[in-house]
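Input: a single structure, listed below in structure tokens.
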Amino acid sequence: MVIPARLGAFRVLCLFTVFEAVCLLDTGMLFPRESSSREVKELNGRWDFRADKSPNRNQGFEKAWYKSRLAETGPVIDMPVPASYNDITQDPTLRDFIGWVWYEREVVVPARWIADEGTRVVLRVGSAHYYSVVWVNGVKVTEHNGGHLPFEAEIGSLIRKDPTQPCRITIAVNNTLTLDTLPPGNIQHMDDRTKYPDGFFVQNIYFDFFNYAGIHRSVLLYTTPKAYVDDITVVTDFLDNTGLVYYKVSVQGAATATLKATLMDKNGHCVVSSSGPSGVLKVVDVNLWWPYLMHENPAYLYSMEVRLMATDGRSTYEDVYTLPVGIRTVNVTSTQFLINNKPFYFHGVNKHEDSDIRGKGFDWPLIVKDFNLLKWLGANSFRTSHYPYAEEILQMCDRHGIVVIDECPGVGIKDIRSFGNSSLTHHLAVMDELVSRDKNHASVVMWSVANEPAAEMPPADFYFKTLIKHTKALDPTRPVTFITDSNYARDRGAPYVDVICVNSYFSWYHDPGHLEVIPIQLKSQFENWYGKYQKPIIQSEYGADAVAGIHSDPPVMFSEEYQKAVLQSYHNVLDQKRKQYVIGELIWNFADFMTVQGITRVVGNKKGIFTRERQPKAAAFILKERYWRLANETGRLPVWTKYPCSF
Ligand code: BDP
């Protein structure tokens, strides 16, 4: 249910109801933040590492490598965390390794954390690809199925058992994909010894990016008091110039607790407060959260401080957690996407978490550079193709007003066996984790449950109906979509989405080299989809490969000129249709990125408008000119954009 904007009071009533639904998830996944009651210790840097290259990849478990220091059971190498391990060494077998790899490091835990029984010590892994098992001092503390999302374990009692021992953390990570993982994949053994060496196998994948593996995001220890704020959910709205922040706090570790929520403005001044585990904060003369280039003061964030007091007879606990809150609404009509009741046109990009050396490893310099490029380009949005991105990236989106279509790792669902019950159950669980992690980001305006599934397969309809219904129940305040490249999706899956997202590569994968087909085929694409559903449409991917530095006039495929020409032809049609029901365009892709080796890829996918090193190709300037023109037409530019060299 996306609630129509015009129904004022009814809408507020509904938000109370939907708010209950958002809170269905019972375990919190709050981003670890320091506060007067919480400390954070980053465990990033150099870890010991060994890939288990035994034939069955299982020696690490058989020989219990977690029981003693990794260096005692065999040779170890240096491995940075966070980073994919694939491109770190000169070892080709590690670049393409499939199976278990082992990471280990010892940590000095502050004595006061250990001494104070009233302190919880939590070990958190921001993400590791794909399956992880974690031990502390040889004792298993958790395991997690899936990359791209965080997981954690409380380890306080374990490290208190013998405070003289250093805290040894061992993490085993396996990048093997199966028909039930997200994304799916499968292992194929080649037994013909006239062709393949002994033990030869490959991992088949059905998605177009390198299956980078390892510990991709920060590993942290953080503390909370024994009684603590476990989760916060906010839903925002406004009536006239009063902002409304509905909040709900869940508490762990205390049967009863006193809670106070205080909203502060950008300058740290208290605006309004309320007590109790749930309530509504009314903000007079609200500063709404607006997207970049839609308003002269975009991305306004309040801070909501939640303060908990609890006592268990012996001790008193105080916990403080501060959440950034942007007040905004999202609604969809049959022809428009509304943010704060005003039409929003997505002029943005699709990205990847990808760079040289680090692979998919989190890297602040890269992230800040990418945001500078997005702003230079005049992009107001991106899709997290094809998996959830690091939380720090979404925080940057909140801070800079970059609107996000938040995608789960449901990419490459192409085998009929990946539409079965166990796949669906896992997919639903991943959506639970994703919504739980990202629900409070103002920048996130839509969920994408999958990219280009094989919609021609009959089970696709039930699968996507269930998935979309489930996601809407988790969060009825945001629209839900799935991304399609298939006309079959018109009957299977698409009936349940709020916004139609279509990928197409006319004159590339279809009619290669024939730019003249674009106007006809793109127009028919839009008219067929709109004709059937009367729902707004986003051109969620389009583009062409261009190898930077290859030039050709007249344009031929793979030259910078051809990429430019494809973009220009698409833009002509988009300019007609955006006056009707097309609500956005996202180029494929922001930057060149690594893929599996294959005859259609020249050291990766070259559809970036920037190279992998983030230098512009000719197409970047075409897009920049267009996006700033669109922004001038549809938005209100911030004062500082008069000085573009401030980027
Ligand atoms: C699209 C996929 C994307 C690919 C792109 C391409 O969604 O992951 O990278 O095609 O082939 O269909 O460049």
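The values are calculated or read from the model by the stated rules, or taken from the named source; none is laboratory data. Treat the numbers as computed from the prediction; the structure is a model and nothing was measured. With ideal geometry, Cβ positions are generated from the backbone for all residues, glycine too; neighbour counts draw on all protein chains shown. Accessible surface areas use protein heavy atoms only, side chains included; no ligands, DNA or RNA. Shrake-Rupley method; radii C 1.70, N 1.55, O 1.52, S 1.80 Å.
Determine the share of the range 336-464's accessible area contributed by carbon and sulfur atoms, expressed in whole percent, with a 1.4 angstrom probe. For the range 336-464, the apolar C and S fraction of the accessible surface comes to 57 percent. Residues in the range 623-629 carry Karplus couplings, in order, of 5, 4, 4, 5, 5, 5, 5 Hz; the curve used is 6.51 cos²θ - 1.76 cosθ + 1.60 with θ = phi - 60°, and Gly or Pro positions show x.
For the chain, the gyration tensor built on C-alpha atoms gives an oblate shape. Its axis ratio a/c (a ≥ b ≥ c) is at least 1.5, and a/b is not larger than b/c.
For the range 596-621 versus the range 36-64, the inter-centroid distance based on Cα atoms is 33 Å.
Here's the list of aspartates and glutamates a cross-link from residue 469 could span, going by alpha-carbon distance under 15 Å and ignoring same-chain residues fewer than 8 apart: 432, 461, 498. Computed from backbone phi with θ = phi - 60° and the Karplus coefficients 6.51, -1.76 and 1.60, the 3J(HN,Hα) list for the range 311-327 is 9, 10, x, 8, 10, 10, 10, 10, 10, 10, 9, 10, 10, x, 10, x, 9 Hz; x is used for glycine and proline. With an 8 Å cut-off on Cα pairs and a minimum separation of 6 or more residues, tell me the relative contact order of the chain in percent. Taking the mean separation of contacting Cα pairs over the length of the chain, I get 13 percent. Between the alpha-carbon centres of the range 271-304 and the range 482-498 there is a gap of 35 Å. For the range 169-203, the residues whose backbone nitrogen is under 16 Å from a point 7 Å from the Cα of residue 421, taken along Cα to Cβ, are 180.
Between residue 634 and residue 615, full extension at 0.36 nm per residue minus the direct alpha carbon distance yields a gain of 4.0 nm. Along the charge dipole of the range 330-641, Cβ charges K/R +1 and D/E -1, which of 623, 355, 440 sits furthest on the positive end? It is 440. When peptides 396-409, 116-129 are ranked by their average number of other Cβ atoms within 10 Å per residue, the highest-first order is 396-409, 116-129.
For the chain, the solvent-accessible area of protein heavy atoms averages 39 Å² per residue (probe radius 1.4 Å; ligands and nucleic acids excluded).
With a/c under 1.5 counting as rounded, go ahead and sort the range 330-641 into rounded, prolate or oblate using the C-alpha gyration tensor (a ≥ b ≥ c being the square roots of the eigenvalues; past the cut-off, prolate if a/b is larger than b/c, else oblate). It comes out rounded by the Cα gyration axes.
Considering only beta bridges that DSSP places wholly inside the chain, some 75 percent are antiparallel. Taking the Cα centre of the chain as origin and assigning +1 to Lys and Arg Cβ atoms and -1 to Asp and Glu Cβ atoms, the resulting dipole is close to 820 debye.
Under the shape rule built on the C-alpha gyration tensor, where the axes satisfy a ≥ b ≥ c, the range 43-155 is prolate, since a/c reaches at least 1.5 and a/b is greater than b/c.
Placing unit charges on the Cβ atoms of the charged side chains and taking the dipole of the range 219-265 about its Cα centre, the candidate lying farthest along the positive direction among 221, 261, 249 is 221. For residue 604, nonlocal amide neighbours, meaning residues 5 or more places apart or on other chains whose placed amide H falls under 5 Å from its own, are 595.
Any chance you could check the Cα centroid distance between the range 70-87 and the range 354-394 for me, in angstrom? What the calculation gives is 26 Å, centre to centre. For residue 27, put the label point 7 Å out on the Cα→Cβ axis and report which residues of the range 433-455 keep their amide N under 20 Å from it. Inside the label zone: 433-440. Pairs from the list 351/577; 248/465; 248/360; 472/606; 351/375; 579/624 with a Cα-Cα gap above 26 Å: 248/465; 248/360; 472/606.
May I ask you to list the lysines whose Cα is less than 17 Å away from that of residue 53, ignoring any residue fewer than eight positions away on the same chain? Output for residue 53: 63.
Where only DSSP H runs of four or more residues are counted, the chain gives -7000 deg cm²/dmol as its mean residue ellipticity at 222 nm, each run worth -39500 (n - 2.57). Taking a straight Cα-Cα cut-off under 19 Å and skipping sequence neighbours fewer than 8 places away in the same chain, the aspartates and glutamates within cross-link reach of residue 161 are 106, 116, 117.
When every alpha-carbon pair in the range 151-265 is counted, what percent end up more than 22 Å apart? Tail of the P(r) past 22 Å holds 68 percent of the pairs.
When you count the other C-beta atoms within 10 angstrom of each residue and take the mean per peptide, 253-259, 606-612, 298-304 line up highest first as 606-612, 298-304, 253-259.
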